[in-house]
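Trainee: Starting off with a structure, shown below.
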Amino acid sequence: MNDCIFCKIIVGDIPSNILYQDELLVAFPDLNPTAKMHILVVPKNHQANVSILAAENPKTLQRLVSVSQNLANQFANGDYRLIFNTGSTVGQSVFHVHAHVVGGETLPE
Ligand code: 5GP
Ligand code: ZN
């Protein structure tokens, strides 16, 4: 996807602080964190949202959840909020599926 900011981060065209990667996923800090821990976990394969990922690559989604837990263990106390904004009206701005792993402090409900 030529125009996708996360595809550019994945191939290294846009620099970011890669916290974790494997053959399926990369993780890096959100540019505009909303909490002390705010990490994006991003499948390397470009798909628009988590529903498509779940239908087409369920193993990647399963891996994403376990990687999120590991990141929360490493960068927080093991607690985390996992957010997939899906659709522009609820705040999705990058249409390459990504999980926000948020925590590191007490979050409002
Ligand atoms: P969305 O709003 O689509 O759920 O989340 C997109 C997230 O990507 C936002 O929280 C935004 O701060 C983050 N973001 C956008 N561009 C960049 C970038 O170039 N680098 C990083 N690290 N995060 C980005
Ligand atoms: Zn992409």
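The values are calculated or read from the model by the stated rules, or taken from the named source; none is laboratory data. Given the structure is predicted, the values throughout are model-derived calculations rather than measurements. FYI the Cβ positions are ideal-geometry reconstructions off the backbone, even for glycines, and counts take in every protein chain you see. Only protein heavy atoms, including side chains, enter the accessible area calculation; ligands, DNA and RNA are left aside. Shrake-Rupley method; radii C 1.70, N 1.55, O 1.52, S 1.80 Å.
Trainee: Could you give each residue of the range 85-101 its phi-based ³J(HN,Hα) in whole Hz, using Karplus coefficients 6.51, -1.76, 1.60 with θ = phi - 60°, and x for Gly or Pro?
Mentor: Karplus-based 3J(HN,Hα) across the range 85-101 equals 5, 10, x, 5, 6, 9, x, 6, 10, 10, 9, 10, 3, 8, 9, 8, 9 Hz.
Trainee: Could you list the square roots of 5 times each eigenvalue of the Cα gyration tensor of the range 18-60, that is, the equivalent ellipsoid semi-axes, sorted largest first and rounded to whole Å?
Mentor: 21, 13, 8
Trainee: Run the numbers for Ser88 and Asp22: contour at 0.36 nm per residue of separation, minus the present Cα-Cα distance, in nm.
Mentor: 20.9 nm
Trainee: If you don't mind, another one. Rounded to a whole number, what % of the accessible area of the chain do carbon and sulfur atoms account for, probe 1.4 Å?
Mentor: After summing per-atom areas, the C and S share lands at 51 percent.
Trainee: So between Asn45 and Arg81, what do we pick up on full extension, going 0.36 nm a residue minus the alpha carbon distance?
Mentor: Extra length available between Asn45 and Arg81 comes to 10.7 nm.
Trainee: So who's got an amide H within less than 5 Å of the one on Tyr20, skipping anything under 5 residues away but keeping other chains? H placed 1.01 Å off N, in plane.
Mentor: Amide H to amide H, under 5 Å and 5 or more residues apart or across chains, Tyr20 pairs with Ala27.
Trainee: Given springs between every Cα pair under 10 Å in a Gaussian network model of the chain, which of Pro29, Pro43, Pro15 has the largest fluctuation?
Mentor: Its mean-square fluctuation being the largest, the pick is Pro15.
Trainee: Can you work out ³J(HN,Hα) from phi for every residue in the range 35-48, in order, using Karplus 6.51 cos²θ - 1.76 cosθ + 1.60 and θ = phi - 60°, giving whole Hz and x for Gly and Pro?
Mentor: Calculated HN-Hα couplings, in order: 7, 4, 10, 8, 10, 9, 10, 10, x, 5, 7, 6, 9, 6 Hz.
Trainee: Continuing with this model, one more query. When ligands, DNA and RNA are left out and all protein chains stay put, how many square angstrom of accessible area per residue does the chain have with a 1.4 Å probe?
Mentor: Result: 59 Å² per residue.
Trainee: To the nearest 10 degrees, how steeply does helix 58-75 sit against the main Cα axis of the chain, on a 0 to 90 scale?
Mentor: 40 degrees
Trainee: Right, something else. Determine the calculated [θ] at 222 nm for the chain from helices alone, applying -39500 (n - 2.57) to every DSSP H run no shorter than 4 residues and normalising by the residue count; nearest 500 deg cm²/dmol.
Mentor: -9000 deg cm²/dmol
Trainee: Here is a follow-up. Using the Cα centre as the reference, give the magnitude of the dipole from point charges on the C-beta atoms of the range 1-77 (Lys, Arg: +1; Asp, Glu: -1; all else neutral), rounded to the nearest 20 debye.
Mentor: In total the dipole reaches around 180 debye.
Trainee: Work out the P(r) tail for the chain: percent of alpha carbon pairs separated by more than 19 Å, whole number.
Mentor: In whole percent, the long-distance tail amounts to 41.
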